[in-house]
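Below is one structure, written out as structure tokens, with a few remarks after it.
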Amino acid sequence: MKTLYFNKQAVPTRDTHQLWGNWFEPGPQTHAEACTDGSTFRHKSRSGAAYAYLSDGYENEELYLEGKFWKISSKNNYAAEMAALNKCIRSIPVTVPMTIHTDSESCIGAIQKALEGIRHGTLMKNAARPYLVATVRAINKRKQYGADTFIEHVNSHTGNRDKASIGNEAADRAAKWAALDDEETDGEDIPLITENEMDYLVCARHDEWGNDKDEIRPIHGHIRRGVSKALQDRRYREWADIQHRPREGELARENQGKIKEIINEVWKKPTTEKIQALLLVLNQADLSWPRKPCEKCMTGELDTVAHMIDCPSNADIINDLMEKMQ
């Protein structure tokens, strides 16, 4: 436990997922203030969450504001934002009013909607469900002790020097430190997730390409979307299997992110011709296997789809197309 001062009023703080401090009697002017943020990196397996207090003297210590940063148990930036809000609320005694600044408007909207009343059926569609439920429960419990909890939006990365912007930058840095930390510890938020889930839990086998672990994971967000993603991941892995599809799955193995972007772009306005072309190109159905060197340019490069674009013999065709597109 550490005591901080807000407007010269002493407030104890604690790093915990539990509600506490019903014994603490705040002064009439006592009001805590903090900022929260979450961070996710593509090459890291878990997201980082953080909160930073805007206690007295923050402007002199803005690089390392008092607070906390940690990894959550999943890779999901929205969940990290919600986890940071929940833990920040619980770090202050339930009797102390507080204001939290976050750059996540979606989190604010979800919390406001949930505070109006959570219907059991709608929980199946909520993203970051355990963190959302825990946050709402904490806010309602604090209200029972006469402490209001205000969650306000702050624009991120503005470079402004107001109080909320300085706190947001500090929380952002801390969340990035957490996400980039190479130490892989067990998720400290797992007990909280278990306590605030629904009475039943839907799990799906995640068989993602590029991940050698065949894992069964709980779906803590929108259940239908979670099941759909798990099935998509399974189909993609079958497509990219080098043993069964050495040629057809080559492009799928090379760059999963870009391949999915192309597929999604085509499906925005699909036509029979577009889908046929997509199947032909992505599966390389028109090329011999194994690959032969390109016979047009004589550079020794293999005759791949990528080489077709860069091949010097096709330069005039590509340039003509580029001029027509401009």
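Between the beta carbons of residue 1 and residue 228, assuming R0 = 35 Å, the FRET efficiency works out to 0.20 to the nearest 0.05.
Estimate the FRET efficiency between residue 306 and residue 275 by the formula 1/(1 + (r/R0)^6), using the beta-carbon distance for r and 30 Å for R0, to the nearest 0.05. Please report the intermediate quantities before stating the final value.
Numbers: r = 21 Å, r/R0 = 0.72.
Calculated value: 0.90.
The distance between label points at residue 247 and residue 321 comes to 2.2 nm (points 7 Å beyond Cα on the Cα→Cβ vector).
In a fully extended conformation the segment linking residue 160 and residue 15 would gain 49.3 nm over its present Cα-Cα distance, using 0.36 nm per residue. The residues 316, 172, when put in order of fewest to most other Cβ atoms within 10 Å, stand as 316, 172.
For region 1-36, which chymotrypsin sites (Phe, Trp or Tyr not before Pro) are both in a DSSP coil and crowded by at most 13 other Cβ atoms within 10 Å?
Values: sites: 5, 6, 20, 23, 24; in loops: 20, 23, 24.
Listed in order of number, the matching sites are 23.
Straight-distance candidates among the aspartates and glutamates for linking to residue 2, with alpha-carbon spacing under 12 Å and chain neighbours fewer than 8 residues away dropped: 15, 66. Comparing 109, 65, 168 along the charge dipole axis of region 45-188, the residue lying farthest to the positive side is 109, per the Cβ-charge model.
No lab work stands behind these numbers, since they all come straight from the coordinates. None of the values given here were measured: they were computed from a predicted structure. As a convention, Cβ positions derive from the backbone with ideal geometry for all residues, glycine included, and neighbour counts pool all protein chains shown.
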